Amino acid sequence: QVHLVESGGGLVQPGGSLRLSCAASGSGISTYFMGWYRQAPGKQRELVATITSRGSTNYTDSVKGRFTISRDNAKNTVYLQMNSLKPEDTAVYLCQAATTTRNYWGQGTQVTVSS
(Lines give C-alpha, C1' and ligand atoms only; values in the text may rest on other atoms or scores of the structure.)
Protein backbone atom coordinates (compact mmCIF):
# COMPACT_ATOMS: atom_id res chain seq x y z
CA GLN A 1 0.00 0.00 0.00
CA VAL A 2 1.23 3.50 -0.87
CA HIS A 3 0.04 6.68 0.80
CA LEU A 4 0.61 10.04 -0.90
CA VAL A 5 0.33 13.46 0.71
CA GLU A 6 0.62 16.65 -1.34
CA SER A 7 1.54 20.04 0.07
CA GLY A 8 2.75 23.44 -1.07
CA GLY A 9 -0.32 24.80 -2.79
CA GLY A 10 -1.76 28.23 -2.16
CA LEU A 11 -2.66 31.58 -3.65
CA VAL A 12 -0.07 33.26 -5.86
CA GLN A 13 -0.09 36.21 -8.22
CA PRO A 14 0.40 35.73 -11.97
CA GLY A 15 4.08 35.36 -12.72
CA GLY A 16 4.80 33.93 -9.30
CA SER A 17 6.17 30.56 -8.25
CA LEU A 18 5.20 27.65 -6.06
CA ARG A 19 6.83 24.33 -5.25
CA LEU A 20 4.55 21.38 -4.64
CA SER A 21 5.70 18.34 -2.71
CA CYS A 22 4.33 14.81 -2.71
CA ALA A 23 5.47 12.74 0.25
CA ALA A 24 5.08 9.01 -0.30
CA SER A 25 5.00 6.23 2.24
CA GLY A 26 5.22 2.54 1.47
CA SER A 27 7.75 0.06 0.19
CA GLY A 28 9.52 0.34 -3.11
CA ILE A 29 8.57 3.94 -3.78
CA SER A 30 11.80 4.58 -5.64
CA THR A 31 10.70 2.13 -8.33
CA TYR A 32 7.35 3.81 -8.96
CA PHE A 33 6.47 5.95 -11.93
CA MET A 34 5.36 9.28 -10.48
CA GLY A 35 3.18 11.98 -11.92
CA TRP A 36 1.47 15.27 -11.23
CA TYR A 37 -2.03 15.86 -12.55
CA ARG A 38 -4.38 18.78 -12.17
CA GLN A 39 -8.11 19.26 -12.28
CA ALA A 40 -9.86 22.58 -12.63
CA PRO A 41 -13.57 23.03 -11.84
CA GLY A 42 -15.71 21.65 -14.63
CA LYS A 43 -12.74 20.22 -16.49
CA GLN A 44 -11.25 16.78 -16.88
CA ARG A 45 -8.17 15.72 -14.98
CA GLU A 46 -5.08 16.67 -16.95
CA LEU A 47 -1.61 15.16 -16.89
CA VAL A 48 0.95 17.84 -16.04
CA ALA A 49 4.29 16.06 -15.68
CA THR A 50 5.76 12.63 -15.10
CA ILE A 51 9.04 11.21 -13.91
CA THR A 52 10.30 7.65 -14.15
CA SER A 53 12.24 5.78 -11.49
CA ARG A 54 15.42 6.71 -13.37
CA GLY A 55 14.55 10.37 -13.57
CA SER A 56 13.32 10.72 -17.13
CA THR A 57 10.72 13.46 -17.34
CA ASN A 58 7.84 14.44 -19.56
CA TYR A 59 5.56 17.51 -19.58
CA THR A 60 2.35 18.61 -21.13
CA ASP A 61 2.95 21.34 -23.69
CA SER A 62 1.28 24.10 -21.70
CA VAL A 63 3.80 23.87 -18.85
CA LYS A 64 7.02 23.15 -20.75
CA GLY A 65 9.71 25.62 -19.81
CA ARG A 66 7.80 26.75 -16.72
CA PHE A 67 7.37 23.63 -14.55
CA THR A 68 9.99 21.15 -13.40
CA ILE A 69 9.29 17.74 -11.88
CA SER A 70 11.94 16.06 -9.74
CA ARG A 71 12.22 13.31 -7.18
CA ASP A 72 14.32 12.60 -4.13
CA ASN A 73 14.18 8.84 -3.61
CA ALA A 74 16.04 9.10 -0.30
CA LYS A 75 13.17 11.22 1.01
CA ASN A 76 10.42 9.38 -0.90
CA THR A 77 9.29 12.76 -2.22
CA VAL A 78 8.40 14.12 -5.63
CA TYR A 79 8.39 17.84 -6.35
CA LEU A 80 6.80 20.12 -8.90
CA GLN A 81 8.49 23.48 -9.22
CA MET A 82 6.09 25.87 -10.91
CA ASN A 83 7.37 29.19 -12.25
CA SER A 84 5.76 31.95 -14.31
CA LEU A 85 2.36 30.85 -13.11
CA LYS A 86 -0.71 31.87 -15.09
CA PRO A 87 -4.37 32.10 -14.07
CA GLU A 88 -5.09 29.07 -16.25
CA ASP A 89 -2.80 27.01 -14.00
CA THR A 90 -5.43 27.30 -11.27
CA ALA A 91 -6.52 23.80 -10.27
CA VAL A 92 -6.27 21.08 -7.68
CA TYR A 93 -2.93 19.37 -8.21
CA LEU A 94 -2.77 15.66 -7.49
CA CYS A 95 0.15 13.30 -7.16
CA GLN A 96 0.10 9.81 -8.65
CA ALA A 97 2.30 6.78 -8.00
CA ALA A 98 2.04 3.92 -10.45
CA THR A 99 3.41 0.57 -11.49
CA THR A 100 2.17 -1.70 -14.24
CA THR A 101 -0.41 -3.16 -11.89
CA ARG A 102 -1.07 -0.55 -9.21
CA ASN A 103 -2.11 3.08 -9.15
CA TYR A 104 -2.29 5.41 -6.14
CA TRP A 105 -3.47 9.01 -5.73
CA GLY A 106 -3.06 11.71 -3.14
CA GLN A 107 -5.86 13.97 -1.95
CA GLY A 108 -4.62 16.99 -3.87
CA THR A 109 -3.50 20.52 -3.09
CA GLN A 110 -5.19 23.67 -4.36
CA VAL A 111 -3.24 26.12 -6.49
CA THR A 112 -4.88 29.45 -7.24
CA VAL A 113 -3.24 31.98 -9.52
CA SER A 114 -4.95 35.34 -9.23
CA SER A 115 -4.21 39.01 -8.74
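What to note about this one:
- The label-point distance for S84 and T31, in a model that sets each label 7 Å from Cα toward Cβ, rounds to 3.9 nm.
- Rolling a 1.4 Å probe over the heavy atoms of the protein chains gives the range 1-109 an accessible area of 53 Å² per residue.
- Size estimate for the chain follows the Kirkwood approach: the inverse of mean 1/r over distinct Cα pairs works out to 14.0 Å.
The values are calculated or read from the model by the stated rules, or taken from the named source; none is laboratory data. Predicted model, so just to flag it, every value in this text is computed and none were measured. FYI the Cβ positions are ideal-geometry reconstructions off the backbone, even for glycines, and counts take in every protein chain you see. When the accessible area is computed, the model is the full protein with side chains, heavy atoms only, and any ligands, DNA or RNA have been set aside. Shrake-Rupley method; radii C 1.70, N 1.55, O 1.52, S 1.80 Å.
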